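Read through the structure below, which is laid out as structure tokens, and then see the notes.
The values are calculated or read from the model by the stated rules, or taken from the named source; none is laboratory data. As the structure is a prediction and not an experimental result, all values here were calculated from the model. Cβ sites come from the backbone with ideal geometry, for glycine too, and all protein chains shown count toward neighbours. All accessible areas refer to the heavy atoms of the entire protein, side chains included, with ligands and DNA or RNA removed. Shrake-Rupley method; radii C 1.70, N 1.55, O 1.52, S 1.80 Å.
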Amino acid sequence: MLLTEYRGSIMFELTGKTAIVTGASRGIGKAIALKFADLGANVAFMHVGDGEKAEETVKELEAKGIKAKAYECDVSDFEAAKQLVADIIEEFGEVHILVNNAGIVRDGLILSMKESDFDAVINVNLKGTFNMTKSIYQHFMKKRRGRIINISSIVGITGNAGQANYASAKAGIIGLTKSVAKELGSRNVTANAIAPGFIRTDMTDGMPEKAREAALASIPLKRPGEVEDIANTAAFLASDEASYITGEVIRVDGGMAI
Ligand code: NAD
């Protein structure tokens, strides 16, 4: 057997697994979904108002020979998230992996930040992660296995001027991740967070030029990250090779938050 074949056969195998990825119509979530599909997992994903891109993503996923389905569902809506997870379990059978990736930004200094901007960001990023975790919790408990991977951000560790809402939500996700890891550890369920730095997506393409330049200048590796950098880390955390890692926060940021 060639060494490359041998390596391929033991690393990051997800065949027969099913993953739910929130916010996978584009960006980081899409890259995670595609990577999981490459490794053999079926993928159910959620999005909001991104129908065309979601259908494209489904086609790309199906072309990899796995089962894929897109659902338009707002993760911040507790009842909708609960119903959707039940529907996905019914449709796909057992779910093995949950990736809480859906997120939004509403940046501004606190001086000008509206209450509704604070609430919206907390509701999607943090409460959405809680809603999805609570919806899958009993399923994972009963099956005595499961992987929860939450997409936080380095600003949840460092804070950031102009992102009080987002940094609070992303810091909250870290506290939530560690709590879930402690609650579900005895059931063989792991919960970990990934803290991306500056990754090239629609979200960062929308940043003002000056802010982009300042962000890039502060990265020791002197380049933005790619969505695949986050997908590779998520694949590792979902794999058998990461079975003894829980409650961890992995920065994938080119050193930005050292
Ligand atoms: P993006 O804006 O490109 O994609 C966001 C995805 O989330 C889309 O699929 C969208 O439909 C979905 N979504 C938005 N609101 C939703 C809701 N209420 N319910 C369900 N789905 C919803 O974003 P991205 O840059 O790919 O970021 C993905 C995640 O990574 C986010 O949580 C973001 O905070 C985090 N992150 C991104 C960066 C970066 O540099 N891009 C850095 C750190 C953290």
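Taking amide H atoms as placed 1.01 Å from N in the peptide plane, the amide H of G225 lies under 5 Å from those of F198, I199, R200, each 5 or more residues away in sequence or on another chain. For the pair K182 and A211, the difference between a 0.36 nm per residue extended length and the Cα-Cα distance amounts to 6.7 nm. Remark: relative contact order (the stretch 71-128) = 46 percent; criterion is Cα-Cα distance under 8 angstrom and separation of 6 or more residues. The alpha carbon centroids of the stretch 72-115 and the stretch 129-183 are separated by 11 Å. Taking 7 Å steps out from each Cα toward its Cβ at E62 and S243 produces label points 3.4 nm apart.
Each label was represented as a point 7 Å from its Cα along the Cα-to-Cβ direction; for E13 and K143 these points are 1.8 nm apart.
Go ahead and estimate [θ] at 222 nm for the chain from helices alone: -39,500 (n - 2.57) per DSSP H run with n ≥ 4, summed, over the residue count, rounded to 500. Display every interim value, and only then the final one.
Details: 11 runs with 120 residues, N = 258.
So the helix-based figure for the chain works out to -14000 deg cm²/dmol.
Quarter the surface of the alpha carbon convex hull of the stretch 4-252 and you get the mean projected area, 13.5 square nanometres.
Computed in the context of the full set of protein chains, the accessible area of the stretch 4-252 at 1.4 Å probe radius has 52% of its extent on carbon or sulfur.
For the chain, a crude dipole built from +1 on the beta carbon of Lys and Arg and -1 on the beta carbon of Asp and Glu, taken about the Cα centre, is about 800 debye to the nearest 20. In this structure the amide hydrogen of I148, modeled in the peptide plane, comes within under 5 Å of the amide hydrogens of L98, T190, A191, N192, none closer than 5 places in sequence on its chain.
Can you give the accessible area per residue of the stretch 4-252, in Å², using a 1.4 Å probe?
Working: 11890 Å² over 249 residues.
For the stretch 4-252, the per-residue accessible area is 48 Å².
Under DSSP H, which helices of the chain have Cα atoms covering 27 Å or more of the helix axis and a Kyte-Doolittle average no less than 0.0? Let's see the in-between values first.
Details: long enough: 164-184 (29 Å, 0.32).
Length and hydropathy pass: 164-184.
Sorting K17, K114, K182, K143 by solvent-accessible area of protein heavy atoms yields K182, K114, K143, K17, largest first, with a 1.4 Å probe. Taking 0.36 nm per residue of separation and subtracting the Cα-Cα distance, full extension of the segment from R106 to E55 would add 15.7 nm. Computed extension gain for K222 through F78, at 0.36 nm per residue and net of the alpha carbon distance, reaches 47.8 nm. Sparse packing (at most 10 other Cβ atoms within 10 Å of the Cβ) combined with a DSSP loop state is found for the following trypsin sites (Lys or Arg not before Pro) in the stretch 196-242: K222.
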